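Data first, discussion second: the structure below is written as structure tokens.
The values are calculated or read from the model by the stated rules, or taken from the named source; none is laboratory data. Bear in mind the structure is a predicted one, so any value in this text is a computation, not a measurement. Backbone-built Cβ (ideal geometry, glycine too); neighbour counts: all protein chains shown.
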Amino acid sequence: MIETLKNAFRNKDIRKKIIITLLLLLLFRVGCYIPIPGLTRDSFSDAVSGNDFLTLMSGITGSALANGTLFALGIGPYINASIIMQLLTVGIPALERLSKQGEEGRKKITNITRLVTIVLAVIQSVGIIVMFGQTQDAIETSYFFNSMWVAGIFMTIVYTAGACLVMWIGERITEYGVGNGISMIIFIGILSTAGTTLVEKFRDVFTGQVGELWNIALFVFLVLVIFFLIVFVDLAERRIPVQYSKQVRGTKMYGGQSSVIPMKISGSGVMPLIFAYAIVSFPSMIMSLVPNWSDELEWWNQNFANGTVWYIIVLCILIFVFAFFYAQIQFNPEDVSRSIQQNGGFIQGIRPGKPTAEYLSRINKRITLFGAIFLTLVAFVPSIAFSWAGQDLVNVFSTTGILIVVSVALEFDKQLQSQIMMKNYKGFLK
């Protein structure tokens, strides 16, 4: 990774892209500290810390949600809109046709995704205001003519505009910078949250609490071990060999080569975890919005709070369900089998056509099973391990945050390597 960065900075064009990426990420971090008039920060922080899903989303936004700042929604609405469009593309024939129309079709889908992002940002803004507005002194209506409606409309507009600005920053990083803009924004948000917590721990060390230094050292050691294990599994893949027979087309002969179908163990990435956390936390969020459901909310928190038996069972089941669901969306054995057959390929020992599709489906289910077990372990093991270094260090890296940091770092390294290789090829041709 370090050698890749050195080679990248030697090239003027790549160095320019890296600088643009860093400046846009700096703009995002500045927006995470711009306060919204009329909001009480402490009330927002207390409400967020009491909900697991809101704590997860706050970590992704670099604590902007807990602080109630301009970028409180972060990139969340754009991610949700992209996921919704992905699912709708599979189920709606019109969107599926658009996705197959090349660049023009993708532009139309992108525009629809932006509109869905605005709608989701408005809905989430209203939800935040209604939820936090029930807390006493959370919103200072004196700034808004003592009208809760005026305060709500103002904050909805501001939060929606902040979400749109974050979406614009992400798209500009993708277009002019290095890597995927959405991933880079989430990446920097998680790292900034972890960095803020570690800075506070070092502050305690300098004020005389020398014992905290050992906790920090143990935490860093555990982070390195867990990161190594996650990278090891993330890079693991099952390679299915495919042999292509020779074909004569006109006066030329094609084929006669061998290739592989790479099937990653963690192919679904972090999405099953995010979906599982969202569904487990959704009922408590809805109950907290309804004042008359205080008894139901108390019962839910007693039985389904983080760490209870039912919480662990339900979360594990949801992780497995979404892992298999997302694997079915990402990998279609019938399409892969058809593509192999049309290009004159075959898997040794397996007949082309339906037997190949059944073989690929069976392999995909086995790999998805191991991937789901891996995600389930990631959902619980890091929190238990980090608790050895101190309870205040448990939430420095969330379970999803660890996976996101690893996957984005690996993807960023691959992007730099591909751009360096492309520049070298261009220089050679010149």
(request) Filter the stretch 61-73 for residues that are of a type in the set (Gly, Ala, Ser) and either touching a Ser or Thr at 6+ places or on another chain (Cβ under 7 Å) or part of a loop (DSSP other than H, G, I, E, B) (or both) and give the result. (result) GLY62, SER63, ALA66, GLY68, ALA72
(request) For the stretch 88-96, state whether one or more residues are out of contact with any Pro (no Cβ under 9 Å at 6 or more places or on another chain) and within 11 Å of TYR159 (Cβ to Cβ). (result) no
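Table: residues versus (1) within 23 Å of GLY152 (Cα to Cα); (2) modelled with pLDDT under 85; (3) under 20 Å from the mean Cα position of the chain (by Cα).
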| residue | (1), (2), (3) |
| --- | --- |
| SER82 | no, yes, yes |
| LEU98 | no, yes, no |
| ILE109 | no, no, no |
| ILE112 | no, no, no |
| VAL122 | yes, no, no |
(message) Can you say whether THR174 is of a type in the set (S, T, N, Q) and within 16 Å of the chain's Cα centre (by Cα), as far as the supplied structure shows?
(response) yes
(request) Among what's in the stretch 1-35 and is aliphatic (A, V, I, L, M) and outside any helix (DSSP H, G or I), pick the residue that is farthest from LEU73 (Cα to Cα). (result) MET1
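Helices (runs of 4 or more DSSP H) wholly in the stretch 74-182 with at least 2 residues that are basic (Lys, Arg) - which ones? Reasoning before the result, please.
On the way: elements: 76-91, 93-99, 103-133, 148-176.
It comes to 103-133.
Name the residue, out of ASN146, ASN80, that is surrounded by 15 or more Cβ atoms within 10 Å (Cβ to Cβ), under 25 Å from ASN67 (Cα atoms) and not hydrophobic (A, V, I, L, M, F, W, C).
Details: ASN146 fails: surrounded by 15 or more Cβ atoms within 10 Å (Cβ to Cβ).
None of the other options fit; the residue is ASN80.
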(request) Report those strands (runs of 3 or more DSSP E) wholly inside the stretch 239-303 carrying at least 2 residues which are modelled with pLDDT of 75 or more and either more than 30 Å from ILE329 (Cα to Cα) or of a type in the set (Val, Ile, Thr) (or both). (result) 258-264
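Identify the residue in the stretch 196-226 that is part of a loop (DSSP other than H, G, I, E, B) and of a type outside the set (A, V, I, L, M, F, W, C) and, among all such residues, is nearest to ARG29 (Cα to Cα). Steps first, please.
Quick first cut of the stretch 196-226, residues part of a loop (DSSP other than H, G, I, E, B) only: 207-210.
Filter again for of a type outside the set (A, V, I, L, M, F, W, C), leaving 207-209.
Working: THR207: 28, GLY208: 31, GLN209: 30 Å.
Going through the qualifying residues, I end up with THR207.
Table: residues versus (1) in the same structural domain as PRO262 (by TED's automatic domain parsing); (2) among the charged types (D, E, K, R); (3) in contact with a Leu (Cβ under 6 Å, 6 or more places away or on another chain); (4) closer than 21 Å to ILE230 by Cβ.
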| position | (1), (2), (3), (4) |
| --- | --- |
| ARG338 | yes, yes, no, no |
| ASN343 | yes, no, no, no |
| PRO352 | yes, no, no, no |
| LEU360 | yes, no, no, no |
| ILE363 | yes, no, no, no |
| ARG366 | yes, yes, no, yes |
| ILE373 | yes, no, no, yes |
(request) Hey, can you tell me all the residues within the stretch 308-327 that are closer than 17 Å to ARG238 by Cβ and touching a residue at least 60 places away in the same chain (Cβ under 8 Å)? (result) ALA327
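Among the residues of the stretch 339-353 satisfying the criterion of being touching a residue at least 12 places away in the same chain (Cβ under 8 Å) and part of a loop (DSSP other than H, G, I, E, B), which is farthest from SER258 (Cα to Cα)? Can you show your working first?
Just the residues of the stretch 339-353 that are touching a residue at least 12 places away in the same chain (Cβ under 8 Å), to begin with: 340-341, 343-348, 352-353.
This time we only want the ones that are part of a loop (DSSP other than H, G, I, E, B), so: 343-344, 347-348, 352-353.
Details: ASN343: 12, GLY344: 11, ILE347: 10, GLN348: 11, PRO352: 16, GLY353: 18 Å.
This residue is GLY353.
How many residues are surrounded by 18 or more Cβ atoms within 10 Å (Cβ to Cβ) and either free of Cβ contacts under 8 Å to residues at least 40 places away in the same chain or under 16 Å from GLN257 (Cα atoms) (or both) if we restrict to the stretch 328-338?
Residues of the stretch 328-338 surrounded by 18 or more Cβ atoms within 10 Å (Cβ to Cβ): 331, 333, 336-337.
Next, from what is left, pick out any that are either free of Cβ contacts under 8 Å to residues at least 40 places away in the same chain or under 16 Å from GLN257 (Cα atoms) (or both): 333, 337.
Residues in the stretch 328-338 being surrounded by 18 or more Cβ atoms within 10 Å (Cβ to Cβ) and either free of Cβ contacts under 8 Å to residues at least 40 places away in the same chain or under 16 Å from GLN257 (Cα atoms) (or both): 2 in total.
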(request) Quickly run through the stretch 342-357 and pick out the residues that are at pLDDT 85 or above and surrounded by 15 or more Cβ atoms within 10 Å (Cβ to Cβ). (result) THR356, ALA357
